[in-house]
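Asks: Supplied in structure tokens, the structure appears directly below.
The values are calculated or read from the model by the stated rules, or taken from the named source; none is laboratory data. Predicted model, so just to flag it, every value in this text is computed and none were measured. Here the Cβ positions follow ideal geometry from the backbone for every residue, glycine too, while neighbour counts run over all protein chains shown.
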Amino acid sequence: MPRPTTQSAWLNNTCRRCTCLFSSAVLSTFPPLVTAVLICHPDLTHDMMTGINIEPEAREEIVIRCAWLVNPGEPPRQNIRITIVDGTVAEMCETPADELARVEAVALMPSFVNAHTHLEFSRLTSPLSPPAPFTDWIRSVIQYRSEDPHELHFATDGICSGLRESRQAGVRLIGEITTTETGVRTLQQKLQKSQMSGVSFRESIGFSTEHISTQLNVADRHVRVTPASDTVTDRKYLVRGLSPHAPYSVHPELFEGLVDIARRSSAPVAMHLAETVDEVELLQNQTGRFVNFLQSLNIWDPQTLSPGTAPLRYLEKLAQLDRALAVHGNYFGRDEIEFLSRHPHVAVVYCPRTHTYFGHKSHPWQKLQSAGAVVLLGTDSRASNPDLSVWKELQFVASQKNAAPIWELLPMITTSAAATLGFDKTDFVVKVGNRFQAVSLPCQCDSELHLNATLIRSAEVTEMSL
Ligand SMILES: [Zn+2]
């Protein structure tokens, strides 16, 4: 937040506490939503406060009066006054009657969590084609990556651009799939700089046996970093996890080895699972498009997969971990849903607009939630999605038939998502004692029904964290 830098910016204001000439400033960045007031430091005398150098001693107070406060899983609260001191929420109450005229027509929500991204693709301006068949889309991804053989731009420009876009869209925590060491380092540095946090799920791909030991070594190094290479501060911003890519790209022995490493190091794991009908057919019968695809890459071995394998087999392994993400789950059936309802530490990450881009039949997210399973939302990448706004993913979900009000779905991109990624879920609630991290959007309505409709059709949110 900008501070006044010259004495002229402090004129005509008084300290809220004692009426000294120590000043207040109306912030140019958030008009007309907030009024910022500087309070003199209790240890300073009035004489001391006449100088221009007293700014570092000041305490900053910001008062926000919003028409609606929308916290995850709670009924929305109307006409709320929030007092923020030094960036922390100090008080929240109903706006007093004599201040109601100053309530702004906005809804406030906590910052968001995007549970599944591949920021390396963030320089794409539109999704890669064709969306079907899925194996042809994978060929386009391989082609796109081959244009940057050293992967420097993926690992630097793409991640930087993706983090910038994410932060502007109100995201403070991401679950990111990383594919190179350069990518991990870039992510670590830029997260800290952007005041964001994330999990780097190091991706492993290897369907033939010859790649297993190399991939296991890379994964082991990634999660077993020494204190010299990762400081405590680094670890606050970045948690290290693993990502066996998918059943069609990871040998079963490699998958089991990665789960073992993750279990020993308490690392979270994210895996694409049950994404397409073709993948389910490959596991069940070892037939279909994926066989042709793997044959064309000269890595198909009919002995690799056991007949009758189901996505459930992979979920059972993932459930041995402290926490895991089963990404997509578009074709989870009754057995998988029942299993996930008993293992809520394995969350499903539904990527709604990516799901639509590929033309899948309806996602079982409502069946999963009704059964008690945990469902989160992710954007996936710009290779299959027009942007990285996880808020738009939630709007998309909330507009579906029989969907609950948006505040009941909000944990999918806030508290539930943070907990599954291993972070403190209470950080993603606007409440007294928390750092103020929030987004706002225009909202002029008087009822919860109208509020829900307004939130679903609103434009992009404005990131307003301090
Ligand atoms: Zn993905």
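Asks: Say we look at the stretch 121-168 and pick out the residues that are within 21 Å of residue 184 (Cβ to Cβ) and among the acidic types (Asp, Glu); which of these is modelled with the lowest pLDDT?
Replies: 151
Asks: If you don't mind, there's one more thing I want to ask. Out of (1) assigned to a helix (DSSP H, G or I); (2) exposed (fewer than 13 other Cβ atoms within 10 Å of the Cβ); (3) of a type outside the set (Lys, Arg), the odd one out for residue 315 is which?
Replies: Checking residue 315 against (1) assigned to a helix (DSSP H, G or I); (2) exposed (fewer than 13 other Cβ atoms within 10 Å of the Cβ); (3) of a type outside the set (Lys, Arg), the one that fails is (2).
Asks: From the list 126, 122, 111, exactly one residue is in contact (Cβ under 8 Å) with a residue 24 or more places away in the chain, under 22 Å from the mean Cα position of the chain (by Cα) and surrounded by fewer than 17 Cβ atoms within 10 Å (Cβ to Cβ). Which is it?
Replies: On the way: 122 fails: surrounded by fewer than 17 Cβ atoms within 10 Å (Cβ to Cβ); 111 fails: surrounded by fewer than 17 Cβ atoms within 10 Å (Cβ to Cβ).
Checking each option against the conditions leaves just 126.
Asks: Something else: All but one of (1) touching a Ser or Thr at 6+ places or on another chain (Cβ under 6 Å); (2) surrounded by fewer than 15 Cβ atoms within 10 Å (Cβ to Cβ) hold for residue 146, so report the exception by its number.
Replies: All conditions are met except number (1).
Asks: Would you point out the residue of the stretch 157-210, among those that are of a type in the set (A, V, I, L, M) and not in a helix (DSSP H, G or I), that is surrounded by the fewest Cβ atoms within 10 Å (Cβ to Cβ)? Reasoning before the result, please.
Replies: Residues of the stretch 157-210 of a type in the set (A, V, I, L, M): 159, 163, 169, 171, 173-174, 177, 184, 187, 191, 196, 199, 205.
Keeping just the survivors that are not in a helix (DSSP H, G or I) gives 169, 171, 173-174, 177, 196, 199, 205.
Details: 169: 22, 171: 27, 173: 26, 174: 29, 177: 23, 196: 19, 199: 27, 205: 15.
Once the filter is applied, the top-ranked residue is 205.
Asks: May I pose another question? Can you find a residue in the stretch 409-420 that is on the phi < 0 side of the Ramachandran plot, crowded, with 22+ Cβ neighbours inside 10 Å, within 16 Å of the ligand (Cβ to nearest atom) and modelled with pLDDT of 95 or more?
Replies: The answer is yes; a qualifying residue exists.
Asks: Go through the stretch 181-199 and report how many residues are within 15 Å of residue 155 (Cβ to Cβ) and of a type in the set (A, V, I, L, M). Steps first, please.
Replies: Restricting attention to the stretch 181-199, the residues satisfying the condition of being within 15 Å of residue 155 (Cβ to Cβ) are 181-191, 198.
Still in the list and also of a type in the set (A, V, I, L, M): 184, 187, 191.
Qualifying residue count for the region: 3.
Asks: Moving to a separate point now. Give all pairs with beta carbons closer than 8 Å in which a residue from the stretch 181-201 that is assigned by TED's automatic domain parsing to the domain that holds residue 157 and farther than 19 Å from residue 423 by Cα meets a residue that is among the aromatic types (Phe, Trp, Tyr) and assigned to a helix (DSSP H, G or I); count only pairs at least 6 apart in sequence or on separate chains.
Replies: 183/154
Asks: What are the residues in the stretch 58-80 that are touching an Asp or Glu at 6+ places or on another chain (Cβ under 7 Å) and under 25 Å from residue 446 (Cβ atoms), if any? Walk me through how you get there before you give the answer.
Replies: The first filter runs over the stretch 58-80 and keeps only residues touching an Asp or Glu at 6+ places or on another chain (Cβ under 7 Å), leaving 59-60, 65-67, 73, 76, 79-80.
Residues satisfying the conditions are 65, 66, 67, 73, 76, 79, 80.
Asks: When both residues are 6+ apart or on different chains and their Cβ atoms are under 6 Å apart, which pairs have a first residue that lies in the stretch 443-466 and is touching a residue at least 12 places away in the same chain (Cβ under 8 Å), and a second that is part of a helix (DSSP H, G or I) and of a type outside the set (Ser, Thr, Tyr)?
Replies: From the stretch 443-466, the pairs are 445/451; 452/406; 455/406; 456/395; 456/398; 461/391; 463/168.
Asks: Then there is this: Answer yes if at least one residue in the stretch 354-377 is within 30 Å of residue 162 (Cα to Cα), touching a Lys or Arg at 6+ places or on another chain (Cβ under 9 Å) and within 13 Å of the ligand (Cβ to nearest atom), and no otherwise.
Replies: Checked the stretch 354-377: no residue is within 30 Å of residue 162 (Cα to Cα), touching a Lys or Arg at 6+ places or on another chain (Cβ under 9 Å) and within 13 Å of the ligand (Cβ to nearest atom).
Asks: Please work out which residue is surrounded by the most Cβ atoms within 10 Å (Cβ to Cβ), limiting yourself to the stretch 323-352 and to residues that are touching a residue at least 60 places away in the same chain (Cβ under 8 Å) and assigned to a loop (DSSP other than H, G, I, E, B).
Replies: Of everything passing the filter in the stretch 323-352, 351 is surrounded by the most Cβ atoms within 10 Å (Cβ to Cβ).
Asks: Quick check on my filter: what residues within the stretch 166-182 are over 12 Å from the mean Cα position of the chain (by Cα) and under 16 Å from residue 439 (Cα atoms)?
Replies: Result: 168, single match.
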